[in-house]
Amino acid sequence: MSHRRGSLSSNDLFPREIDIEICLKTLKIYQKMEGDVNCVVWDASLVLAKYLETISQQKPEFLSGTKVLELGSGLGVVGLTAATLGAQVTLTDLPEALPLLRLNISENKQKICSMGGYAIAEVLVWGDNNSEIHKQEFDMVVLADCVYYEDAVEPLLQTLQNLNYTVMKKPTIYLTQELRDTEVQRKLWSEFYEKLTEMFYVERIPEDEQHINYRSPDIVLLKINKK
Ligand SMILES: C[S@@+](CC[C@H](N)C(=O)[O-])C[C@H]1O[C@@H](n2cnc3c(N)ncnc32)[C@H](O)[C@@H]1O
């Protein structure tokens, strides 16, 4: 028998478990059988989540009490990992992605709270410069696999540019992107990357500094700071 979780039918949902080894917690992330790109866990999100875990193992204060913003969260793997590692996380996406994202937050809430973290989900459409998010201060911004269609390149760069940077607080941005081997996707990435490097200092994090089991030559991991 099926039952409903808010507007979501449990018949359409299937869970994926993601271990956060350093704190012995397992996230339960619901995916949808059918739907848009925000209904599945993408590999780039696992690479970034596991990188956050790797750095937290080396520096336990890395995420503890840190204010983190996630853009294009999808199902929330990166943001929920950060929250389980002790961060105060605002996960954002398009309005239609929020019901499942919120379900994933509530499913993992107890684990997050037990580690001193916090997670909420809000709408943030890239390029909407009137969003209240732009007034908030963050220590870190994370985004995985968000450069995948032409119309989003400019709005996404605008959102990164219009975050709240102050003398006291300039959030560091961590971005992962799967480099897909089609002409369209290669062109899209090179356009995005060129504009990104005009506005920001961009450093590529080498594979040997990433999680030993969650890294790939096809997935680029960047550390980005405002010029
Ligand atoms: C390929 S998915 C990646 C999801 C997640 N970060 C992951 O790696 O599993 C891209 C995400 O960007 C979101 N997105 C696309 N266009 C957007 C826009 N204009 N504003 C905000 N989010 C957007 C989608 O809803 C989706 O969740």
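The values are calculated or read from the model by the stated rules, or taken from the named source; none is laboratory data. Computed from a prediction, not measured in an experiment: that's the story for all the values here. Backbone-built Cβ (ideal geometry, glycine too); neighbour counts: all protein chains shown. Remember, those area values only see protein heavy atoms, side chains included, never the ligands or the DNA or RNA. Shrake-Rupley method; radii C 1.70, N 1.55, O 1.52, S 1.80 Å.
Structure above, values below:
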| item | result |
| --- | --- |
| Distance histogram in 10 Å bins (all Cα pairs of the range 82-181, percent per bin) | 14, 42, 36, 8, 0 |
| Restraint check, K50/K109; K59/K195; K135/K195; K135/K223, Cα-Cα greater than 26 Å | K59/K195 |
| Extension gain (nm, one decimal) between Q110 and E96, 0.36 nm per residue minus Cα-Cα | 2.6 nm |
| Ratio Rg/Rh [Cα only; Rh per Kirkwood] for the range 156-227 | 1.00 |
| Order by protection proxy (mean Cβ within 10 Å, highest first), peptides 175-186, 126-137 | 175-186, 126-137 |
| Extension gain (nm, one decimal) between V123 and T172, 0.36 nm per residue minus Cα-Cα | 15.5 nm |
| Solvent-accessible heavy-atom area per residue, rounded to whole Å², over the range 91-171 at 1.4 Å | 48 |
| FRET E, pair D208, R186, Förster distance 25 Å, beta-carbon r, rounded to 0.05 | 0.50 |
| Rounded, prolate or oblate (a/c below 1.5 giving rounded, otherwise prolate when a/b exceeds b/c) for the chain by Cα gyration tensor | rounded |
| Residue-span extension gain [E137 to D218] - 0.36 nm each, minus C-alpha spacing | 25.9 nm |
| Percent carbon-and-sulfur accessible area, the chain, ignoring ligands, DNA and RNA, probe 1.4 Å | 49 |
